[in-house]
Amino acid sequence: MLKTTVQKASFPTGRRVIVISDIHGAFAYLQGLLKKIHFSPEDILVINGDIIERGPENLRCLQWLMELSKKQTVYTVCGNNDAYVRGLIYREYPAEEQDILNRYCTVRSSVLGEMRKQLGLPDDLPASAFCKELKAHFAAEFDFIANMPTILETPNFTFVHGGLRDTDIFSEKNACAFDLMKFDDFLAYPISFSKPVVVGHWPSSLYSKGYFDCMPYVEPNRKIISIDGGCMIKNMGQLNAMILPDGSQSDYCFASFDLLPVKQALDDQAGRLPDISFCWPDCRVEMLEDGEEICLVRHVSSGKILHVLKEDLWEQKGQLFCDDSSNGYLPVCAGESVSVICQTQRSSLIKKNGKIGWYNGRLSENK
């Protein structure tokens, strides 16, 4: 069992603290967000887990943060993907599992695949030889991950990637590190805290009430702040930052960044809250009308009927499923700028201030 580790820290007065979670190898998102908030050498950076996996530049993200840590104040909390990847390299593989790493590298965008490519290793290299080569050439990267704490504890906040199972961070319930890194649907767990606990891992949009909302989700009464914007996980995802203007204080605000095209709305639209929203794992649907861009489906568990993007549909074992979808329409004023997730002949799926919904009006060309 991977044991939980705790790092204590105290943020100094007068220095800004930037907290980012779930970068998932999206180097362009990371740099875009830091540029947007005017990140400087005087700032303190906290990465709350999942630096790597799924994005296009996992190794670049990891190595950039390693270099930044040598020059300025950076705290990195370990995420489930960070720990899992290191665990794949530092384990013994029996003969029947000698191709497991090659299979892993072919089904997802992974830092291990990027390392293999950089070294020019053959695709069919057995796991034992694969691990030996990567440990020899990327020891510093794996050591960096190994030294990440599970929990970062400060006087005003607690940072952990997935969540906590007990209010006492040193409780036996919190002993297994991976349980705290991969704590799915943490807000469904009945717990409250005396000071804010900042988590990532579970995209904040899955906690939304009404429209899907990629901005951080806050439960002030329970003192839980969920900041994962679904970057590289959701097609409408974004990278969020929690900003403490003064590290010694408890005040905070948020900023976000994505690479969706921005267009100007040309028509007004009255908003309509969704009466059906669903997400994984309750996402099985039945096809009613198959279209080129948009399909009419019935959500199996609720019986509700709605239009969804065809590109969001997928099959598994003869059953049809759909990525996160709803039938809400965002309120839009002509002249407003909106981010466009998908534009079809019938309607457009847009994002405004983190919220996701349909728009039936006209859109300008890209700004």
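Data overview
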| quantity | calculated |
| --- | --- |
| Criterion violated by residue 34 - all others in (1) part of a loop (DSSP other than H, G, I, E, B); (2) surrounded by 15 or more Cβ atoms within 10 Å (Cβ to Cβ); (3) not small (Gly, Ala, Ser) satisfied | (1) |
| Which listed residue is of a type in the set (A, V, I, L, M), in a helix (DSSP H, G or I) and closer than 20 Å to residue 4 by Cα, from 169, 191, 145 | 145 |
| Per-region count, segment 13-31, residues within 17 Å of residue 159 (Cβ to Cβ) and surrounded by fewer than 18 Cβ atoms within 10 Å (Cβ to Cβ) | 1 |
| Test: residue 50 is charged (D, E, K, R), touching a residue at least 40 places away in the same chain (Cβ under 8 Å), assigned to a helix (DSSP H, G or I) and surrounded by 19 or more Cβ atoms within 10 Å (Cβ to Cβ) | no |
| Contacts under 6 angstrom Cβ, first residue in segment 317-337 being closer than 18 Å to residue 211 by Cα and modelled with pLDDT of 95 or more, partner acidic (Asp, Glu) and surrounded by fewer than 16 Cβ atoms within 10 Å (Cβ to Cβ), 6 or more apart | 333/268 |
| Residue check for residue 6: closer than 17 Å to residue 161 by Cβ, free of Cβ contacts under 8 Å to residues at least 60 places away in the same chain and surrounded by fewer than 24 Cβ atoms within 10 Å (Cβ to Cβ) | no |
| Members of segment 148-166 found to be part of a loop (DSSP other than H, G, I, E, B) and surrounded by 16 or more Cβ atoms within 10 Å (Cβ to Cβ), listed by number | 148, 149, 150, 154, 156, 157, 161, 162, 163, 164, 165 |
| Residue in segment 74-121 that is surrounded by the fewest Cβ atoms within 10 Å (Cβ to Cβ), counting only those that are assigned to a loop (DSSP other than H, G, I, E, B) and within 23 Å of the chain's Cα centre (by Cα) | 108 |
| Any hit, segment 199-208, residues being without any contact (Cβ under 8 Å) to a residue 12 or more places away in the chain, over 21 Å from residue 178 (Cα atoms) and out of contact with any Asp or Glu (no Cβ under 6 Å at 6 or more places or on another chain) | no |
| Test set (1) over 29 Å from residue 278 (Cβ atoms); (2) surrounded by fewer than 18 Cβ atoms within 10 Å (Cβ to Cβ); (3) among the aromatic types (Phe, Trp, Tyr) - residue 254 fails condition number | (1) |
| Odd one out for residue 140 among (1) surrounded by 13 or more Cβ atoms within 10 Å (Cβ to Cβ); (2) modelled with pLDDT of 95 or more | (1) |
| Qualifying residue in segment 73-86 (condition: farther than 24 Å from residue 127 by Cβ and among the charged types (D, E, K, R)) | no |
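Quick grid of which residues meet (1) assigned by TED's automatic domain parsing to the domain that holds residue 158; (2) part of a strand (DSSP E or B); (3) of a type in the set (Phe, Trp, Tyr); (4) surrounded by fewer than 16 Cβ atoms within 10 Å (Cβ to Cβ):
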{"site": "228", "(1), (2), (3), (4)": "yes, no, no, no"}
{"site": "249", "(1), (2), (3), (4)": "yes, no, no, yes"}
{"site": "275", "(1), (2), (3), (4)": "no, no, no, yes"}
{"site": "292", "(1), (2), (3), (4)": "no, no, no, yes"}
{"site": "302", "(1), (2), (3), (4)": "no, no, no, yes"}
{"site": "311", "(1), (2), (3), (4)": "no, no, no, yes"}
{"site": "320", "(1), (2), (3), (4)": "no, yes, no, no"}
{"site": "334", "(1), (2), (3), (4)": "no, no, no, yes"}
{"site": "340", "(1), (2), (3), (4)": "no, yes, no, no"}
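The values are calculated or read from the model by the stated rules, or taken from the named source; none is laboratory data. Please read all numbers here as calculations on a predicted model, not as lab measurements. Heads up, the Cβs are rebuilt from the backbone with ideal geometry, glycines too, and the neighbour counts pull from every protein chain shown.
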